[in-house]
Each structure stands twice: as structure tokens, then as C-alpha cells.
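Each reported figure results from applying straightforward, stated rules to the coordinates on display, with no laboratory input. Since this is a predicted model, take the numbers as computed values, not measurements. Backbone-built Cβ (ideal geometry, glycine too); neighbour counts: all protein chains shown.
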Amino acid sequence: QVQLVESGGGLVQAGGSLRLSCVASGRTFSSYAMGWFRQAPGKEREFVAGIHWSGGSLMYADSVKGRFTISRDNAENTVYLQMNSLKPEDTAVYYCAASSSFTGAARWYKYWGQGTQVTVSS
């Protein structure tokens, strides 16, 4: 069993940066691929970024490539999402999740955090 808790969301002006953190409980964190997803009002949840359990493989949605960076620290049971050059369209609730496979499909993620709000003002 894995429990995930996100933090780091907040209000930022367009062009600014935020770093989201997701801390996992238990000793099984390093066995899972991790992903970040987001959901804006009136829209479906979408994949943002993913990282293999080893940290050696990364994937990003086209909308965030070059601006966002996913990383993980298995020793600290933590995954991060560094968000730079933020745009108003990045405004959403951001969720971290854990999967047994390296994938961008939400249906394959078994464990989910509670979400953290990111609001980008123009």
C-alpha cells in the first residue's frame, strides 16, 4: 500500500515558477513509476509527466515540454514537479500517482494523492 501527499501548490503570476512535491509512505515507493496529472475546471484529467522507478526514463505532455521537469528521490520517497514559465492555462488541480508500469494512461495508476491547487494569474 502506498499513500501519497502533494504540497507546493499556490498562486503565481504568469511566467513564474512553482515546485510541487509528493511524499509517499511505506518502503515500496522505489518499485513504482510515478506520474503527475492535472484537472482544470470543466476539463478531463490529463497526463502531465511521468518517471520510471529508476528515474532513467521520463515522459511529458507536449503542452509542458521544455517548461516542466519531473524528478524523484527514492531515498526520500519523494517525487517532484518543477514548473517554470507558468501560463494561465496551467491552472488546475495537480495530482501525483503511482503505477506498476511506466505509462501516461491514468487508468493504470493504482495510487493517487489528494491533489494540490495551482493557480496562474495573467
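Going through region 1-38 one residue at a time, which ones are assigned to a strand (DSSP E or B) and within 17 Å of TRP108 (Cα to Cα)? Break it down stepwise before answering.
If we filter region 1-38 for residues that are assigned to a strand (DSSP E or B), which is where we start, we get 4-7, 10-13, 18-24, 33-38.
Passing the criteria: LEU4, ALA33, MET34, GLY35, TRP36, PHE37, ARG38.
Count of region 66-122 residues, restricted to those that are among the acidic types (Asp, Glu) and farther than 20 Å from GLY16 by Cα, is 2. Here is the figure for region 47-65: residues that are charged (D, E, K, R) and within 17 Å of SER17 (Cβ to Cβ) total 1. Could you tell me how many of the residues in region 1-50 are closer than 15 Å to TRP112 by Cα and either among the hydroxyl-bearing types (Ser, Thr, Tyr) or surrounded by 13 or more Cβ atoms within 10 Å (Cβ to Cβ) (or both)? The number of residues fulfilling the criteria is 28. Scanning region 51-96 for residues that are surrounded by fewer than 16 Cβ atoms within 10 Å (Cβ to Cβ) and of a type in the set (D, E, K, R) yields ASP62, LYS65, ARG67, ASP73, GLU76, LYS87, GLU89.
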